[in-house]
Amino acid sequence: MRLLGMMLVAALGLTAMPVSQAQAQSDGPLRIEITEGVIEPLPFALPIFEAETGDAGGLAAQISQVVSADLSGTGLFREIPANAFISNISSFAAPVQYADWKAINAQALITGAVAVQGGQLNVKFRLYDVFSGAEMGSGLQFTGTTDGWRRMAHKVADAVYSRITGEGGYFDSRVVYVSETGGKDARQKRLAIMDYDGANVQYLTDSSAIVLAPRFSPNGDRVLYTSYETGFPRIYVLNVGSVQRRELESQDGTMSFAPRFAPDGQNIVFSLSQGGNTDIWAMNIAGGGATRLTSTPSIETAPSFSPDGSQIVFESDRSGSQQLYIMPAGGGEAQRISFGPGRYGTPVWSPRGDLIAFTKQNSGRFHIGVMRTDGSEERLLTASFLDEGPTWAPNGRVIMFTRETQGEGGRSSLYSVDISGRNLRPISTPDGGSDPSWSPLQN
Amino acid sequence: MTTTAKILLLVAGLALAACTDPSRLGGDGAGGGIGGAGGPIVPGSANDPTSAAYFNQTIGDRVLFAVDQSNLTPEGQVVLDGQATWLLTNTDFTAIIEGHADEQGTREYNVALGARRANSVREYLVSKGVAGNRLRTVSYGKERPIEICSNEACYAKNRRAVTVLAGGLTG
């Protein structure tokens, strides 16, 4: 935890430090193994964080609520309602009455305190393993501006999630997506960015031209996307902070789309259509010409790098229907990895490197699925009239995607699902939404 | 398209006696037929055989495709024969050929499929003598459906390539 604490100090004016002396981490039973079996969510109690300053009460309540929502939203945790509490936490510093929390079967107890001074916010928390009767890890505190209170709540939840599951967190992250308004034959699209849970939506472009499939850079500072603003699909890079955008160089008479960053954040892969044929190309984002990575008369598109940058997974209909292939990052011989019934598209390599998420079409239904990188252990996570375009949470445990409903009133919206197939959840956005891309965990 | 074209022809108050099926008319390459059938020709209107409106409504601006296919149907070739003849006569026009897909398919694949469809049309027109530098292509994938139901009746109309006329070549 110390290490995480130090990393958190790094950016955005947030500072984190141990609340008190370091304490040996408990090896108690408080542990969720994220496996494929049915999981009984772990019950936790989270009394509203203590307000340490007079004006911190409102933020303390809001922060507590966001931490609870983050944890409950995973499907791995279940919040015990406050009216079941036997004792309350009178003060963040007071000793915990474990028996009172055991009695209501709270396996984890999360306590916290919030202080506001000027525009500065300080949030402290402790995690207790109730049945072991011990604190789990040491307390942490985060300091930042009051505007950033949601991020501090997400950081608390990430730390709790991480300590209990042993996995990296994903709550302090953002999603860039295409916001959609209007009917199916009059759809308006513009880029939007939001927190992973749908809060803090901001628009990055107007809807004067079709925009498609934004993709975050590896450190989340930029977004690649496709826009029709010249009348033809072309690739743009947009700086998230300044909202400045730049059209990447392209050859006249061609269409370019489906861009994605390499792990180095400098090179990209994308599809280029020329004379009706679509192949995969690579280029440096600074310019200087593109390199062709595939040369077949079939459609090659939707390329995605492995996290180590050595390979690219993509889709091709060279066999007669859309299937998934992996080739070396510099091009060359490709190995087909999808062999089940139906068509496979939009492959995305997991940030952990272990799985590939994809869209599958079979018998008139669409699915989001995952498979190992050799194509084995295919698992379909969803099924609907139209599910497509998976994106990975930074910890490789959750997938967000687009679901479009059927018929005249068809509408796109964002959903997330655990890679076990559990916990399918709609993500609330102000308008329709499609083509999500999940950022890395923020620093 | 056929129904729309017929309605528009009626509205234009033309003597339709000589006119049969508009698509056949296009196919026969008889581009000048209607204007000559009587009545004043309003420049730029659908009864002006040199107008974009005439091209769109009488020749037929679009061809349809089978599911996941980009090869031209015999009906499509008839329409394109009419387009080629018209373009060879009306040399001031350029065109952008828009390829489209129905909603059954992933976004990127449908952009690529629309590119194939637009290119099929372009190649056919070029094979009939239309200069390649007058014809550009673009694909909208599944982004611009004209019909919005989720069944084959609508999908069939959305799987299309539309020849959109634009202003003249410079010079």
Notebook entry, point to check: Given the options A:G407, A:G137, A:G396, which has the most mean-square fluctuation in a GNM of chain A, springs set between C-alpha atoms less than 10 angstrom apart?
Noted result: A:G407
Next item on the list: Residues in segment A:180-224, backbone N under 16 Å from the label point at A:D264 (7 Å along the Cα-to-beta-carbon vector): list them, ranges by number please.
Entry: A:218-219
Margin query: With just the Cα atoms defining each centre, how far is segment A:215-251 from segment A:272-328? Give it in Å.
Written below: 19
Check: Amide H to amide H, which residues 5 or more places from A:L293 or on other chains are under 5 Å from it, using H placed in the peptide plane?
Finding: A:I280, A:W281, A:A282
Note to self: If the only charges are +1 at each Lys and Arg Cβ and -1 at each Asp and Glu Cβ, what is the size of the charge dipole of segment A:315-443 around the Cα centre, to the nearest 20 debye?
What the structure shows: 280
Checklist line | Rounded to the nearest 10 Å², the accessible area of A:R411 at probe 1.4 Å | finding: 110
Item checked: Sequence of A:R397, A:R245 when ordered by accessible area, the most exposed leading, probe 1.4 angstrom -> A:R245, A:R397
Margin query: Test of understanding: in a Gaussian network model of chain A with alpha carbons linked when under 10 Å, which of A:T53, A:T181, A:T111 would top the mean-square fluctuation ranking?
Written below: A:T53
Check: So how much slack lies between A:Q65 and A:Q202, counting 0.36 nm per residue of separation and subtracting their Cα-Cα distance, in nm?
Finding: 47.1 nm
Checklist line | Simple Cβ-charge dipole of chain A, Lys/Arg +1 and Asp/Glu -1, about Cα centre, in debye nearest 20 | finding: 100
Next item on the list: Assign unit charges at the C-beta atoms only (+1 for Lys and Arg, -1 for Asp and Glu), then state the dipole size of segment A:47-162 relative to its Cα centre in Debye, rounded to the nearest 20.
Entry: 140
Margin query: Modelling each spin label as a point 7 Å along the Cα-to-Cβ direction, I'd like the A:E333/A:E229 distance in nm, to one decimal.
Written below: 4.4
Item checked: Cα lying deepest toward the dipole's positive end in the protein assembly as shown, options B:F65, A:T226, A:Q65, charges on Cβ -> B:F65
Next item on the list: Answer rounded, prolate or oblate for segment A:174-438, using the Cα gyration tensor with square roots of eigenvalues a ≥ b ≥ c: rounded when a/c is under 1.5, else prolate when a/b is larger than b/c, else oblate.
Entry: rounded
Next item on the list: Roll a 1.4 angstrom probe over the protein heavy atoms and tell me the percent of accessible area of the protein assembly as shown that is carbon or sulfur.
Entry: 51
Next item on the list: Nearest 100 Å² is fine: how much accessible area is buried between B and A, summed over both sides, with a 1.4 Å probe?
Entry: 3100
Next item on the list: Pick out, from B:T91, A:G139, A:G198, the residue whose Cα sits farthest towards the positive end of the charge dipole of the protein assembly as shown, with +1 on the Cβ of Lys and Arg and -1 on the Cβ of Asp and Glu.
Entry: B:T91
Next item on the list: Using a 1.4 angstrom probe, figure out how much accessible area the protein assembly as shown has per residue, in square angstrom, rounded to the nearest whole.
Entry: 39
Item checked: Over the protein assembly as shown: helical MRE at 222 nm, DSSP H runs n ≥ 4 each giving -39500 (n - 2.57), nearest 500 -> -5500 deg cm²/dmol
Next item on the list: Whenever you get a sec, line up B:L88, A:L414 from highest to lowest accessible area (probe 1.4 Å, protein heavy atoms).
Entry: B:L88, A:L414
Margin query: Apply the a/c threshold of 1.5 to the C-alpha gyration tensor of the protein assembly as shown and tell me whether it is rounded, prolate or oblate.
Written below: prolate
Check: Which value, in Å² and to the nearest 10, is the accessible area of A:R365 when all protein chains are kept and the probe is 1.4 Å?
Finding: 110
Next item on the list: Give a residue-ordered list of calculated ³J(HN,Hα) values for segment A:165-182 (Karplus: 6.51 cos²θ - 1.76 cosθ + 1.60, θ = phi - 60°; whole Hz; x for Gly, Pro).
Entry: 9, x, 9, x, x, 8, 6, 7, 9, 10, 10, 9, 8, 9, 7, 10, 10, x
Next item on the list: Please list the non-local residues whose amide H lies under 5 Å from the amide H of A:L121, H modeled 1.01 Å from N, same-chain partners needing a gap of 5 or more.
Entry: A:G144, A:T145, A:T146
Check: Where a Cα-Cα gap under 16 Å defines reach, which lysines qualify for B:K142, not counting those fewer than 8 residues away within the same chain?
Finding: A:K184, A:K189, B:K157
Note to self: Using the Cα centre of chain A as origin and beta-carbon charges of +1 (Lys, Arg) and -1 (Asp, Glu), tell me which of A:A329, A:T296, A:G166 is placed farthest towards the positive end of the dipole.
What the structure shows: A:T296
Next item on the list: Express in nm, to one decimal, how much length is gained between A:N284 and A:N83 on full extension, taking 0.36 nm for each residue of separation and deducting their alpha carbon distance.
Entry: 66.6 nm
Checklist line | Longest site-free stretch - chain A; sites: GluC sites (Glu not before Pro), DSSP loop, at most 11 other Cβ within 10 Å | finding: A:37-332
Check: Accessible surface of B:D92 in the full protein assembly, 1.4 angstrom probe, to the nearest 10 Å²?
Finding: 110
Item checked: chain A: relative contact order in percent, alpha carbon pairs under 8 Å with at least 6 residues between -> 11
Check: Excluding same-chain residues fewer than 8 positions from A:K155, which lysines have a Cα within less than 28 Å of its Cα?
Finding: A:K102, A:K124
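The values are calculated or read from the model by the stated rules, or taken from the named source; none is laboratory data. Here the structure is a predicted model, which is why all the values come from computation and not from measurement. Using ideal geometry, Cβ is built from the backbone for each residue, glycine included, and neighbour counts are taken over all protein chains shown. Accessible surface is based on the protein model in full, side chains and every heavy atom, while ligands, DNA and RNA are left aside. Shrake-Rupley method; radii C 1.70, N 1.55, O 1.52, S 1.80 Å.
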